[in-house]
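Worksheet: one structure, shown below.
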Amino acid sequence: MIIDVLKNIARFLILSLLQVLVISHVPLGSHFVLLPYVLFILMLPFETPKIIVLFASFVLGLTMDAFYDTGGMHAAACVLMGFSRTHILKLISPREGYDNVMKPTVQYMGKTWFSTYALILIFIHHFVFFYLEVFGFSEFFSTLLRALGSTLATFVFIYIVQFLFYRNDKISI
Amino acid sequence: MRNLISFIYRNHFFFLFLLLEVSCFVLIIQSRSYQSTSLLNSANSVSGNLYAAVSNGREYLLLKDANLKLADENARLRNQLKSSYDILPQKVFTINDTLYRKKYVYTQGKVINSTTNRRSNYITLNIGSDQGVEKDNAVINTDGVIGWVKDVSPNFSTAYSILHKDPKVPCKVKKDGSYGGLIWDGGDYRYATVIDIPTHVRLIKGDTIVTSALSDIFPEGVMVGFVESFERKQGDAFLTLKIKLNADFKKLNYVYVVKNNSKLEQDSLELIITKEEEKKNK
C-alpha cells in the first residue's frame with residue numbers, strides 16, 4: 001500500500017519533469033502537442049478512492065499550470081479527466097470486475113481495453129484543454145483538429161512508454 | 001435542509017468535482033485579467049528555480065557555440081581596433097648623389113614573434129617583400145645585431161635570430177679591429193661566444209665587439225656586445241671570448257631591416273672565385 005503510494009508519487013514527479021523539461025521541447029508542430037503527463041492519471045491503481053483521484057488530478061494540473069503559465073487550464077482539464085475516469089472505468093469494466101492484482105496497463109488489461117480507456121480519457125483532457133487555451137469557440141474546427149491530433153500523438157507516446165517500462169510486470173493468465 | 005445535506009452527501013463526489021472545476025475557472029479568469037497577477041506562474045520559487053537550473057545546464061551544453069560566437073565577435077571587434085592597423089612602414093627614400101653611393105637601405109619594422117629558448121631561434125617581423133624586405137637582409141635594432149632575414153612573404157618575414165646554431169655574423173674587436181666570428185652555443189640568451197680572435201690582442205673585460213666589414217649582410221660597426229671573459233683553449237691558436245649581448249632578446253620590439261644594395265654585385269663577383277676553386281680541386 002505504502003509502496004504503491006510512493007510509486008505513484010515518483011511517477012508524478014518523473015512525468016512532470018519529463019513533460020516540462022523534455023517533452024515540451026519536442027517540436028512536432030502545433031497540431032500534435034504531446035501532453036503525456038496525463039499518464040499519471042491513467043496509471044493510478046483501480047482501487048484508488050475516487051476523491052483521491054480527483055485531488056491528485058487537480059494537483060497534477062496545477063503543477064503543469066505553474067510551469068506553463070496557463071492559469072488553471074491544465075487543472076481544469078485534469079479534474080474533468082479524473083472525474084470521468086471513474087465513470088469510464090465503470091463503463092468498460094470487464095465482466096468479472098477489476099481485481100486487486102490488476103493494473104491499468106496494456107500488459108494486464110489487453111490492447112483493446114487499454115486503447116479504449118486511454119483514448120477516451122486523453123481526448124476528454126485534450127479537448128477541454130485546447131478549447132480553454134483558445135478560450136472560446138471562434139476557431140472551433142482548427143481547435144478540434146488540434147485536440148484530435150494531439151490525442152493521437154499523446155496516445156502513441158503513452159502506448160510506447162507502456163511497452164518500454166512495464167514489460168516485466170506481465171503475468172501469465 | 002436535511003434533505004439538501006443528505007443530497008449533497010450522497011453526491012459529494014460530483015460536488016467536489018464541481019468545486020474543483022469552479023476553482024480552476026476562477027484561476028483561469030484571474031490569470032486572464034490584466035489587473036491581477038496570476039497566482040500560478042512560472043516565476044514562483046519551485047518552477048522558477050527549476051527553469052533556472054535547467055537553463056544553467058543547457059548553457060553548459062551550448063558553451064562551445066557561445067564561445068565560438070564570442071570569439072567571432074571578438075575577432076570582428078578587434079579588427080576595428082586602431083591597434084590592428086599598422087602604419088605602413090614606407091620610410092624608404094633614395095637620394096641621387098654623385099659622390100656617395102647609397103649602400104644600405106633601412107626599413108623600420110616590428111617583431112611580432114620571437115623565441116629565445118630553442119637551440120635555433122627565429123623572429124617574425126611585420127614587414128615583408130611589399131615593404132622591400134629581401135632574403136638575407138640584416139635585422140638590427142638600436143641596441144645591436146638581432147639576426148638576418150630567412151624568408152619573406154608580401155607582408156611578413158621570418159628571420160634567423162643570432163641565437164642560432166649556424167654562425168653567420170663576422171665581427172671584430174672595436175678598439176683594434178681584429179676579426180672573429182660570433183656563434184651561439186645555446187643556453188643563456190644573454191651571452192654568446194666570439195671565436196678566432198688572435199691571441200696578440202690585448203683584451204680587457206668590457207671591450208666592445210661590433211660587426212665587421214667582412215659581412216655582406218651586416219653594415220660595419222653595428223654593436224654586438226661586450227667582452228665578459230676570454231680564454232685561450234688548449235692547443236688553440238686563437239682566443240675564445242664570452243660576450244654579453246647588448247640587445248635584449250626578451251624585449252625585442254622595433255627593429256630595422258637593413259638591405260645591402262651592393263650585395264648582389266659582391267656575391268656574383270665572389271662566386272667566380274668559389275667556382276674557380278672548385279675547378280682546381282677537381
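What follows draws every value from the coordinates through simple rules; no lab data is involved. Just so it is clear, the model here is predicted, and its values are computed rather than measured. A quick note on method: Cβ atoms are made from the backbone with ideal geometry, for glycine too, and the neighbour counts reach across all protein chains shown.
Ellipsoid semi-axes for region B:169-249, based on the Cα gyration tensor and the rule √(5λ), read 17, 15, 12 Å when sorted largest first.
If packing is taken as the average number of other Cβ atoms within 10 Å across a peptide's residues, how do B:178-186, A:31-39 rank, most packed first?
Ranked by mean Cβ neighbours within 10 Å, highest first: A:31-39, B:178-186.
Legend: mean number of C-beta atoms from other chains within 10 angstrom of residue C-beta atoms, peptide A:50-60, equals 2. Across peptide B:9-20, the average count of Cβ atoms from other chains found within 10 Å of a residue's Cβ is 4.
Dividing the summed -39500 (n - 2.57) terms of all DSSP H runs of n ≥ 4 by the residue count of chain B sets its mean residue ellipticity at 222 nm at -10000 deg cm²/dmol.
The tail of the calculated P(r) for chain B beyond 36 Å holds 48 percent of all Cα-Cα pairs.
Just want the ordering: B:Trp148, A:Trp113, from fewest to most Cβ atoms lying within 10 Å of their own Cβ.
A:Trp113, B:Trp148
The alpha-carbon atoms of region A:2-169 define a convex hull whose volume equals 115 cubic angstrom per residue.
According to the calculation over all Cα-Cα pairs in region B:240-282, the P(r) per 10 Å bin from zero is 19, 22, 23, 27, 9 %. For the peptide A:129-137, the mean number of other protein chain Cβ atoms found within 10 angstrom of a residue's Cβ is 1. Using a Förster distance of 45 angstrom, determine the FRET efficiency expected from the C-beta separation of B:Ser129 and B:Gln234, and round it to 0.05. Rounded to the nearest 0.05, the efficiency is 0.40. Between the Cα long axis of helix B:12-32 and the first principal axis of chain B there is an angle of about 50°, rounded to the nearest 10.
Between B:Tyr191 and B:Leu245, the built amide H atoms are under 5 Å apart, and every one of these is 5 or more places off in sequence or on another chain.
Taking amide H as placed 1.01 Å from N in the peptide plane, the amide H of B:Val139 sits under 5 Å from that of B:Ile146, B:Gly147, B:Trp148, B:Val149, B:Val258, each at least 5 places away or on another chain. For chain A, the longest principal axis of the alpha carbon atoms and the long axis of helix A:111-134 meet at an angle near 30°.
Here region B:256-281 and region B:106-137 have alpha carbon centers that stand 23 Å from each other. The phi torsions of region B:134-150, fed into the Karplus equation with coefficients 6.51, -1.76 and 1.60 and a -60° offset, translate into couplings of 10, 4, 6, 6, 7, 10, 10, 9, 4, 8, x, 6, 10, x, 9, 6, 9 Hz, rounded to whole numbers, with Gly and Pro shown as x. In terms of the mean number of neighbouring beta-carbon atoms within 10 Å, the peptides B:19-30, B:264-275 order highest first as B:19-30, B:264-275. This model, with +1 at the C-beta of Lys and Arg and -1 at the C-beta of Asp and Glu, gives region B:120-223 a dipole about its Cα centre of some 340 debye.
I'd like the distance separating the alpha-carbon centroids of region B:47-76 and region A:60-89, in whole Å. Distance between centres, Cα-based: 34 Å.
If one computes P(r) from the Cα atoms of region B:136-207, what percent of pairs lie at distances over 22 Å? Distances greater than 22 Å cover 31 percent of the Cα pairs.
Computed over the alpha carbons of the protein assembly as shown, Rg followed by Dmax gives 45.1, 139 Å. Placing unit charges on the Cβ atoms of the charged side chains and taking the dipole of the protein assembly as shown about its Cα centre, the candidate lying farthest along the positive direction among B:Val224, A:Asn8, B:Val194 is A:Asn8.
Note that region B:189-205 has calculated 3J(HN,Hα) couplings of 6, 8, 10, 9, 10, 10, 10, 6, 7, x, 6, 6, 5, 8, 9, 10, 4 Hz, one per residue in order, obtained from phi through the Karplus relation 6.51 cos²θ - 1.76 cosθ + 1.60 (θ = phi - 60°); glycine and proline are x. From helices alone, chain A scores -21500 deg cm²/dmol at 222 nm; the rule is -39500 (n - 2.57) for each run of n ≥ 4 DSSP H residues, then divide by the residue total. Computed on chain A, with alpha-carbon pairs under 8 angstrom and 6+ residues apart, the relative contact order is 27 percent.
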